[in-house]
Structure formats: structure tokens, C-alpha cells
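Everything on this sheet refers to the single structure shown next.
Nothing in this text is a laboratory measurement; each read-out follows from the coordinates by a stated rule. The shown structure was predicted, so the numbers you read here are calculated from the model rather than taken from an experiment. A quick note on method: Cβ atoms are made from the backbone with ideal geometry, for glycine too, and the neighbour counts reach across all protein chains shown.
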Amino acid sequence: MTSSTATAHLLLAHRVAPGVFGDAFDELGRFHPNGLPDVLDEARWGLARMLRLHPGPEMLYHQVADDRDHLGWKLPPSDAADYGWGPGRERVVYFADGAPQGRYKSASSGIANLAGRYAAAMALAHQTWKDDPRHKRFAEECLSAGIEVYRLGRAREGVQQGNSYGEPYRYAEETWADDMEWGAAALHRSTGETSYLEDARRYARLASSVSWMGRDEAGHYQLYPFMNLGHHALHSQETTGTMKDDLAGYCREGLEATRLRAEANPYGVGVPFIWCSNNLVVELVTQGLLYERMTGDTRYGPIVATHRDWLLGRNPWGVSMFTGLAEGGRFSTQPHLSTTHLPKRSVRGGLVDGPVEAAIFRALRGVALSGPDAYAEFQAEQAVYHDDVMDCATNEPTMDGTASAVLMLALLAAGEERRATPYSLELSQALYIE
């Protein structure tokens, strides 16, 4: 579910602002340039994984392992997860068949959510490398895989949810038309086949403005991904005014709902403080930036600026929500992450989950702070955040959230290149200097 989202966001970020990404590392993360921007090195890891999960034209696997992996703090060499073959041995792999799965049965009804995002990522890979002789064969392999998996999704419309074993918790996604719209629009750009454009229009109507935006609550990953990039992808290829207006209207409806919600919020924030609230903030900013690109309408510039700055430190705790990133200010230093906690090494740039309502935090099972709350005087019923290694609800970096933030920052950088925007990056940097 999340690999396709993260991979596609990284690829799109490079397409939006290729000039901002450097080449300091090779494909294994070693300090040596390899002729490929580092953001694309990272995307290639995701693409390679996704290709392995599609070993044949009619085959798609969607989840490796489950909550039996949740054994506490560990690094890969000392992993003792046991799936029935002994500690540290093979894990289960779930086949995407569109049916309820797992010990606690999911509400799966199809595979279109996975297939649409998969197709979008593979089409973006094709567009990235199709004209590069060194990577042309890889680009063609990605496009072929995207076409095959899209076909599987079209034949089995519906959602394939995540699976659990020991507890009834999962990524319970319920939407799929937005993903198929994105996949169809991306494949149309790569192939020029009109059938994909027709599909994209149909799926766009089905997806419309369905979103978490304007809601007080939503289930965990219920409305995922947290914004519909399909509307933007289709809008850029449409020639008829009616469809373009409708697509912009869907995006505007969500932005307007968050604007009204922000006016009633004591922090001026328009997202619900549920698990992964920072992911929602990132996607709100991204939707605002893309909407302005689509329409030229700048009315949501203040909303974009407020929510961007919330992530960068203008919040009740005065904390940048990115690990290791702040100019003269505070940032998350104790993220809930084995690969930083055990070796005592920091990683820059990981987007943590973000604040949740106090009632949500109190209701979590097995979650307690490791020591006194350094931000106790700044907590409220509306929102709590803890820079504490034991807080998996507010202080855990996520792969898809971080990749989405890369796209958000690429859009901000691209806006800086085009013109002076009302959400200048210099303003963000000034927030840290106190």
C-alpha cells in the first residue's frame, strides 16, 4: 500500500523540480556520486521491490509479513520474528486476490487501489528514463508492468486492505477510484492510448471530491492516499474546459473545507488531529500548490503557508516535525524508530506522525512515555505531541509521509523558481531563528 505511494511521490518530485536534487550518493547510500540524482536512487529501490511483487502478468503480491514482526526494538541482523519456520526465517507474503484476508479478516473487495498506484508509479518511471539509453530497457520493463497491473485492477475494482494476525489493526483503505484515475492518466501520458484517457475521466467522476478534508475523524488510512494526484495528472492532459473545471472544482472543495475548519481551530490548522496528522498537513499543502498550478487561483496561499509553517516549527511546541532539520530551533530528536534508537544515530529529514487529540493518545494500548513530558505545559485536549522514543503515535517517522513531504518541498522550490510566492521559503527559515 505505501511503497507505491512513496515511490510515485519521489518520481513526481523529481519531474516537478529536477534541478533541486543533487547526486552525492550511489545506489547503496555510499558517499560517491553515480550519475543519478539521489531521489531517483531511492525511487529505484521502491520500483525494484514493486517489480518483484509482480512476477507474472496475472500476479500481484501486496504485503510481506504482518504484525508478527512487532517484537520490540531490533535491527535486521538480529530479527527473531517467527512465522512458523523458526525465528528469523521466512515471512508470509500475501497475494492480491481481492478477497478478505488475514487472521482478522479484512474488508477487501478488489485490488484497484493497489493496481492504480502501481500503474502510476511505473508510468512515472517510464517517463523518467525512456529517453536515457542507459535506462531505456528498465523504463520499458516498468511500463509493461504498469500496464499489466492496471489491467488487473480494472478487472477487479475495489480495495485490497492490509492484513493483520495478532491484533485486529490494519491499513483499512476504502477508496480506489482515485488510484485508478491516477494510473490511467499516467499511462495515457506514457502511451497516448485514448482508452486510458476515457478510463481516467470515468474514475475521476467516481472519485470526485471524496477525501478526509473537512472531516473531524477518519479511520486509519481509510481515505488513502491523503490527496488525489489523479485529478492533477488528468487536468494537465485535458483539453475540454468542462472536465478541467470539474477537476479543479473537486480540489477546491477540499481546500475550502479545510479553510473553514481552520477558522474554527485554535491553532488555525484545518486537519483533524488523528494518527498521521502531519501526513494530512503535507497533502493539504501539496493540494493547494497543485490547485494553484491548475487554475492560477492564489486564494489558498495563506492556508498553504500556515500549514507548511506548522510542520517547520510554528506550532505550540515550537518543534520542526522533521528529524534533524531546523535552523536555530528544535526538532524531533527521539523518534520512535529502531534504526535510530538502537545504534544511536540520527537521520535527517524523516517526517514524524504528528500531534493527535489527547483522547486518542490516552486510548492507545501499550503506549507510555519513557520519561517526563518535556512539552507538558504546551499540551491541550485538542492536540498533544511528544518527542519521546516510546510515542509511536506522534513521533514515528513514516516512509510515505516523508516521500510526500519531498514532493511538497519540490513544489515549493519549483514555485520559487517561477515567481516570488506568498509562501517564500525564506519565511520558513526565519521561523527557526528566535
Practice task
May I ask you to derive the FRET efficiency for Arg202 and Tyr104 from their Cβ-Cβ distance with R0 = 51 Å, giving the value to the nearest 0.05?
Solution key: 0.95
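Under DSSP H, which helices of the chain have Cα atoms covering 24 Å or more of the helix axis and a Kyte-Doolittle average no less than 0.0?
112-129, 277-295, 399-418
What does the charge count near Leu234 come to, summing +1 for each Lys or Arg and -1 for each Asp or Glu among other residues with Cβ under 14 Å from its Cβ? Mind dumping the intermediate values first?
On the way: positive: Arg189, Arg201, Arg202, Arg205, Lys244, Arg293; negative: Asp178, Asp179, Glu181, Glu198, Asp199, Glu238, Asp245, Asp246.
Around Leu234, the surrounding residues sum to -2.
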Problem - Packing-based order for 313-325, 378-390, 337-349, using average beta carbon neighbours within 10 Å, highest first - result: 313-325, 378-390, 337-349
Exercise for the section: Just need the relative contact order of the stretch 40-196 here, percent rounded to a whole number, with Cα pairs under 8 Å and 6+ apart. Expected result: 26
Exercise for the section: Express the relative contact order of the chain as a whole percentage, based on alpha carbon pairs under 8 Å and six or more residues apart in sequence. Expected result: 14
Handout entry: Computed [θ] at 222 nm, deg cm²/dmol, the chain (DSSP H ≥ 4; -39,500 (n - 2.57); rounded to nearest 500)
Key = -14500 deg cm²/dmol
Practice task
With unit charges on the beta carbon (Lys/Arg positive, Asp/Glu negative), name the residue among His32, Ser108, Tyr150 whose Cα is farthest towards the positive pole of the charge dipole of the stretch 17-161.
Solution key: Ser108
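Quick check on the chain: of the DSSP beta bridges with both residues there, what percent are antiparallel, nearest 5%? Provide the component values of the computation, followed by the final result.
Details: 6 of 8 bridges.
Of all bridge pairs located within the chain, approximately 75 percent are antiparallel.
How much net charge surrounds Gly88 when only other residues with a Cβ under 13 Å from its Cβ are counted (Lys, Arg +1; Asp, Glu -1)?
On the way: positive: Arg68, Lys74, Arg89, Arg91; negative: Asp69, Asp79, Asp82, Glu90.
Local net charge: 0.
Once a ≥ b ≥ c are taken as the square roots of the eigenvalues of the Cα gyration tensor of the stretch 194-323, is the result rounded (a/c under 1.5), prolate (a/b larger than b/c) or oblate (a/b not larger than b/c)? Numbers along the way, then the final one.
On the way: a/c = 2.22, a/b = 1.80, b/c = 1.23.
It comes out prolate by the Cα gyration axes.
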Completion exercise
Summing +1 per Lys or Arg and -1 per Asp or Glu among the other residues with Cβ less than 12 Å from Ser332's Cβ gives -3
Practice task
Please report the orientation-averaged projected area of the stretch 1-207, defined via the convex hull of its C-alpha atoms, in nm².
Solution key: 12.9
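Which of the peptides 56-68, 152-164, 400-412 is most tightly packed, and how do the rest follow, judged by the mean count of other Cβ atoms within 10 Å per residue?
On the way: 56-68: 16.8, 152-164: 21.7, 400-412: 24.9.
In descending order of packing, they fall as 400-412, 152-164, 56-68.
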Problem - Gap separating the Cα centres of the stretch 1-25 and the stretch 256-280, nearest whole Å - result: 26
Exercise for the section: Identify all lysines with a Cα-Cα distance to Lys344 below 19 Å; exclude those on the same chain that are fewer than 8 residues away in sequence. Expected result: Lys74
